[in-house]
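The values are calculated or read from the model by the stated rules, or taken from the named source; none is laboratory data. All values derive from a computational prediction rather than experimental measurement. Note that each Cβ is placed from the backbone with ideal geometry, even for glycine, and that neighbours are counted across all protein chains shown.
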């Protein structure tokens with residue numbers, strides 16, 4: 001897996017996002033703690049997530065429930 005470069009997320013529940021195009025993995029840092037990686041997130045899904053008017057709502061509807069994930073850190 002390649003290195004993630006985090007970008008601040010303008011969201012009440014998500015602190016930052018990072019994306020690795022080489023393996024289509026999204027890293028999410030949550031405000032209440034925890035870092036998770038979500039696999040099989042397409043580049044267009046990541047672009048749509050960043051551009052959405054509500055990052056949290058888009059994430060919950062389009063990514064959280066549809067993609068495998070693993071907790072990286074508390």
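The table below gives the values:
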{"quantity": "In region 47-57, the residues that are within 14 Å of residue 14 (Cα to Cα) and outside any loop (DSSP other than H, G, I, E, B)", "calculated": "49, 50, 55, 56, 57"}
{"quantity": "Check on residue 60, surrounded by 12 or more Cβ atoms within 10 Å (Cβ to Cβ) and in a loop (DSSP other than H, G, I, E, B)", "calculated": "no"}
{"quantity": "Considering residues of region 1-20 that are farther than 16 Å from residue 60 by Cα and in a loop (DSSP other than H, G, I, E, B) only, the residue modelled with the highest pLDDT", "calculated": "6"}
{"quantity": "Cross-chain or 6+ apart pairs with Cβ under 8 Å, region 45-70 first and at negative phi and without any contact (Cβ under 8 Å) to a residue 12 or more places away in the chain, then surrounded by 13 or more Cβ atoms within 10 Å (Cβ to Cβ) and assigned to a helix (DSSP H, G or I)", "calculated": "52/58; 58/48; 58/49"}
{"quantity": "Condition met for residue 44 (more than 19 Å from residue 8 (Cβ to Cβ), at pLDDT 95 or above and over 12 Å from the mean Cα position of the chain (by Cα))", "calculated": "yes"}
{"quantity": "Residue in region 3-15 that is in contact (Cβ under 8 Å) with a residue 24 or more places away in the chain, closer than 13 Å to residue 68 by Cα and surrounded by fewer than 18 Cβ atoms within 10 Å (Cβ to Cβ) present", "calculated": "no"}
{"quantity": "Residue tally, condition within 11 Å of the chain's Cα centre (by Cα) and either buried (at least 18 other Cβ atoms within 10 Å of the Cβ) or not in a strand (DSSP E or B) (or both), over region 21-34", "calculated": "6"}
